[in-house]
Amino acid sequence: MTKKGEMLYAWTNDAEIQKKAELGGAVTALWKYALDSKIVDAVLAVTKGVDLYDAKPVIITDSKDLARTAGSLHCGTLLLPKLVKKYLDGAQDKKIGVTVKGCDMMGFYELAKRKQINLDNIIMIGVNCGGSVSPVIARKMIAEKYGVDPEKVHKEEIDKGQFIIEYEGGHKGISVDELEEAGYGRRSNCRRCKLKIPRQADLACGNWGVIGDKAGKATFVEVCSEKGANLMTGAIKQGILETAPANPKGLEIRAKVEGAMLKLGDKWRKHDFEALGEGKDRLKKIMAETARCIKCYGCIDVCPICYCVECTTKNPSMVPPGELPVSFMFHLIRYAHIADSCVNCGQCEEVCPAEIPNALFMHAQQVELEKMFGHVPGVNMELPLLAFAEERTERDRLHNTGSDMIFENVFKPLGKK
Ligand code: FAD
Ligand code: SF4
Ligand code: SF4
Ligand code: SF4
Ligand code: SF4
């Protein structure tokens, strides 16, 4: 029986899954078991679209279709939790299994806090994540740095600090550090990300720490919850999953790599936040950059923290409609509502047609608020400061009384009467 806290190497003996899988296929095999034994009604995973720069989400209800979701897409910059809220009724009455990167997992917690997702009905298999590369940058980087036609690339992977491509006629790897110094590489939010092993998911799976004859053929699984332990136990019993205790040397290596990644995250935070300046200088910079905004609402649509039916940015008395440049109030509203909970997923930057570094601005503020109030977003169900004012109740009260008492509600938990 697998127990919470165990560290294992795991792989599947299902030949079809193994062929397509990234590192032994444990993740896909676990989903196969979960679907076949009706532990979940559906699995939300990621599959290759038109090419490997096109990662698309897919809902699988028949385990025969799972093999196409195996493999890691490092140009897959999508985020899954809001899709569960929008298209799967927040998992209110269906059990959903989801493969999550750290940012996906954090998005789930944030939406669950806001009662937009029923976490009881969600099983999360987490994958360690060193970072993802924006599809546009990936194509440019492969053409300019690798001298290879991006259309000819049929596989990419990140291994031992290198971004490696396989293409018609060969393969080539360049160190991620070198790529990033030249302005390519991982997304800027990924460089600052410090959620490398998603231990708040039910299982955390990855290649860090897999050594010896299992290297490249198995996944390191950290069992993070009872749900995760039961899933492992069932899949092993069914015979689709094989495991071995993790090599103690592998454990050490995994801890070292994680430590190094966290340090790198700190380095990038320092780099990016210092470049923003402080106080009024920072404000001026943010105002200058956001002046390009065309108010397409893309950042709000994708943000896992934004869920309101009536968005304040659409209130004409707050943000005058039909005006360009857009009133800075549009961005101030977002900062005020989200900065305490931003999970640095990068989505608002990824979709912005004006190429405004939205995630950087929000993340810089989140880190300051974390220092002040100690609230860490995305890692548990602890409520952020602003969640103490419930949106619908607050609006109804405002409408009925005309009195803006929101601050009293917010500060009550801090001991104010
Ligand atoms: P498989 O059976 O091949 O299943 C892979 C699962 O990942 C599938 O469910 C698939 O849908 C899902 N998936 C693929 N791409 C994405 C995506 N972009 N977003 C969300 N889900 C996706 N491990 C490390 O130890 N260190 C790392 O630095 C590291 N970086 C990673 C970066 C990314 C973007 C991804 C997706 C994974 C990363 N991993 C990393 C995890 C590792 O690559 C394997 O996913 C893991 O070991 C499981 O292998 P497997 O053979 O059991 O998975
Ligand atoms: Fe991975 Fe973190 Fe980037 Fe998400 S934000 S893709 S978890 S590195
Ligand atoms: Fe403005 Fe960019 Fe947000 Fe669109 S995505 S509303 S352009 S900041
Ligand atoms: Fe993600 Fe941007 Fe929302 Fe932060 S503000 S959670 S980076 S979409
Ligand atoms: Fe996001 Fe605030 Fe709009 Fe709600 S009101 S959707 S939190 S910007």
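Taken together, the values in this text are just the output of simple stated rules run on the coordinates, not laboratory data. These figures come from a predicted structure and were not determined experimentally. Backbone-built Cβ (ideal geometry, glycine too); neighbour counts: all protein chains shown.
Equivalent ellipsoid of the stretch 324-384: semi-axes from √(5λ) of the C-alpha gyration tensor, largest first, are 23, 13, 9 Å. In this structure, the pairs whose alpha-carbon distance is over 22 Å, taken from LYS38/LYS214; LYS56/LYS194; LYS140/LYS172; LYS172/LYS249; LYS20/LYS214, are LYS38/LYS214; LYS56/LYS194; LYS172/LYS249.
Suppose we take every Cα in the stretch 237-350 and form the convex hull; what volume per residue is that in Å³?
It comes to 178 Å³ per residue, whole-number rounded.
For the stretch 7-16, 3J(HN,Hα) computed residue by residue from phi via the Karplus equation (6.51, -1.76, 1.60; θ = phi - 60°) reads 10, 9, 9, 9, 7, 10, 9, 7, 4, 5 Hz, glycine and proline entered as x. Note the direction-averaged projected area, equal to a quarter of the hull surface, for the Cα convex hull of the stretch 287-395, in nm². Average of the hull's projected areas for the stretch 287-395 equals 6.9 nm². By the count of other C-beta atoms within 10 Å, a proxy for reagent exposure, TRP31, TRP11 are ordered fewest to most as TRP11, TRP31.
Pairwise Cα distances in the stretch 116-250 exceed 26 Å in 40 percent of cases. Mean separation of Cα pairs under 8 Å and 6 or more residues apart, divided by the residue count, gives the chain a relative contact order of 18 percent. For the stretch 241-258, backbone phi angles converted through the Karplus equation (6.51, -1.76, 1.60; θ = phi - 60°) give residue-by-residue couplings of 10, 10, 9, 8, x, 5, 4, x, 5, x, 4, 4, 4, 4, 5, 5, 5, 4 Hz, Gly and Pro being listed as x.
Report the gain in length on full extension from ILE59 to GLU166: 0.36 nm times residue separation, minus Cα-Cα distance, nm rounded to one decimal.
35.7 nm
For the chain, the spread of Cα coordinates along the three principal axes comes to 66, 48, 38 Å, biggest extent given first. For the stretch 1-124, the normalised intensity computed at q = 0.12, 0.19, 0.20 Å⁻¹ comes to -0.45, -1.12, -1.22 (log10 of I(q)/I(0), Debye sum over alpha carbons, equal scatterers, no solvent). Take every Cα pair under 8 Å in the stretch 186-345 that's 6+ residues apart, average their separations, divide by the length, and report that relative contact order as a whole percent. The normalised contact order for the stretch 186-345 reaches 21 percent. Per the Debye calculation on the stretch 78-161 with a single equal scatterer at every Cα and no solvent contribution, log₁₀ I(q)/I(0) for q = 0.25, 0.27 Å⁻¹ amounts to -1.13, -1.27.
Amide H to amide H distances under 5 Å link TYR9 with VAL221, ALA244, ALA246, where only residues 5 or more positions off or on other chains count and H is placed in the peptide plane. For the chain, can you list the cysteines whose C-beta has no other cysteine C-beta under 4.7 Å from it? When partners are defined as cysteine Cβ atoms under 4.7 Å apart, the chain leaves CYS75, CYS129, CYS190, CYS193, CYS205, CYS224, CYS293, CYS296, CYS308, CYS311, CYS342, CYS352 without one.
Report, as a whole number in µm² per second, the diffusion coefficient that Stokes-Einstein gives for the stretch 283-328 at 25 °C and 0.890 mPa s using the Kirkwood radius over alpha carbon pairs. Value of D from the Cα-based Kirkwood radius: 209 µm²/s. One compactness figure for the stretch 149-217 is 1.33, namely its Cα radius of gyration divided by 2.2 N^0.38 Å.
Here, P(r) means the percent of Cα pairs in each 5 Å bin from 0 to the largest distance; for the stretch 174-250 it is 3, 13, 16, 17, 18, 13, 9, 6, 3, 1.
When the helices in the chain are scored as -39500 (n - 2.57) per DSSP H run of 4 or longer and the sum is shared across all residues, what 222 nm value do you end up with, to the nearest 500 deg cm²/dmol? Working shown, then result.
Numbers: 16 runs with 162 residues, N = 417.
Helix-only estimate at 222 nm: -11500 deg cm²/dmol.
Exposure proxy for GLU368, GLU22, GLU349: other Cβ atoms within 10 Å of each Cβ, ordered fewest to most, give GLU368, GLU22, GLU349.
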